[in-house]
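Here is the structure we will look at, set down as structure tokens.
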């Protein structure tokens, strides 16, 4: 009765804003097998939330967000969104039991979903699954002793080994990995597997994926790539693949680290993107990108999305073909929407594809600063929207105040995406400071490397 009464108070106080907000100082406890259904409603915890054994179902035809200043530990959540909408994380969450996928997407949006040692994913399919182009990971802990086709938490990585691996931490992410220093990329899924015992495993791993994660790759060419630091990658090849069941398998794996799938020749993709910019001019979106070199490049597709999941091609441009000089390209979107996501797909003469990062840009935006993911592992992405051309200076300090990284980048007018590679730094807390517009714009963010 107490839970229902408090819930009624919360709902009544936020009917107009489609939010369930647990305010600071409020204790909200669900007891028993209660199902709380939220239709097109955000869930915000600024107080004390206890889920009990309840299920919270996010339903409706528009996207919802999960946010708040305080810990959110669910027992079970259901993603049941239509119209290609999603549940978007704006903070890290925990799930003790399961994440049930009925319809729509769970967008990690740079934040983690921690399944602990008892949660799992259920019902993921092509049109209802986890996505995370802005970063974030799904985490799970498990003890594995001589596993056979073990699929921990139903994360889609099947492990077989005759060894006792001990406690294993598995992290699944959905950002493309840079499998070579300049141009390589991967499909939109990777796994970090960290066992307590990590030698002479003689393991078999089966890597499952969805068609929507192929990132332009021909699945008939996918093979394993492995990295200890997400910077230097080794091609492992593959033992078998099944393009109907959507998996690639590799036997005789001696140790675990980060794995992804890519094509063996992908490190030879012909274009190195060094700039991608978008700015609004009289209700038109002007896109610019720059390449440092091109080899056998054919053309560029300009792609646009309203949700960073479903993409349409809005234009094509011929590429230089072969060039060792910097080349600048531009394209105008005459019909931008309120929120626009853009990326450029470069096709070489053999049909291979290289993508830029994703830019979010809006004609209603002036100055904007965003950074993701946080917590992070190896890469940070900094998005700066500026009204002026200027130089941005990014400084990273450790928890003792020592300067550990400085990076400079030229900003064009509009939205600029900067990549900060800090995989070599140890885990811990950091402070990032950014200055641009000749020091007139300054931002500071606290970060955590895990």
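Quick notes on this one:
- Counted residues, the stretch 434-450 - those being under 13 Å from residue 397 (Cβ atoms) and either surrounded by fewer than 15 Cβ atoms within 10 Å (Cβ to Cβ) or in contact with a helix residue (DSSP H, G or I) (Cβ under 8 Å, 6 or more places away or on another chain) (or both): 2
- Residue count for the stretch 411-445, restricted to those that are assigned to a strand (DSSP E or B) and free of Cβ contacts under 8 Å to residues at least 24 places away in the same chain: 2
- Counting the residues of the stretch 220-239 that are closer than 14 Å to residue 250 by Cβ and not in a strand (DSSP E or B) gives 3.
For every residue, the table says whether it meets (1) closer than 21 Å to residue 249 by Cα; (2) buried (at least 23 other Cβ atoms within 10 Å of the Cβ); (3) at pLDDT below 95.
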position: 124; (1), (2), (3): yes, no, no
position: 136; (1), (2), (3): no, yes, yes
position: 143; (1), (2), (3): no, no, no
position: 146; (1), (2), (3): yes, no, no
position: 151; (1), (2), (3): yes, no, no
position: 170; (1), (2), (3): yes, yes, no
position: 183; (1), (2), (3): no, no, yes
position: 195; (1), (2), (3): yes, yes, no
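- Leading residue by the ranking (farthest from residue 126 (Cα to Cα)) among those in the stretch 280-312 that are free of Cβ contacts under 8 Å to residues at least 24 places away in the same chain and in a strand (DSSP E or B): 281
- Counted residues, the stretch 68-79 - those being part of a strand (DSSP E or B) and surrounded by fewer than 20 Cβ atoms within 10 Å (Cβ to Cβ): 1
- Enumeration of residues in the stretch 304-320 that are surrounded by 12 or more Cβ atoms within 10 Å (Cβ to Cβ), at pLDDT 90 or above and within 27 Å of the chain's Cα centre (by Cα): 304, 314, 315, 316
- Residue in the stretch 240-247 that is in contact with a helix residue (DSSP H, G or I) (Cβ under 8 Å, 6 or more places away or on another chain), in a loop (DSSP other than H, G, I, E, B), surrounded by 14 or more Cβ atoms within 10 Å (Cβ to Cβ) and not assigned by TED's automatic domain parsing to the domain that holds residue 420 present: yes
The values are calculated or read from the model by the stated rules, or taken from the named source; none is laboratory data. Remember, predicted model here, so these are calculated numbers, not experimental data. So basically every Cβ, Gly included, is an ideal-geometry build from the backbone, and we count neighbours across all protein chains shown.
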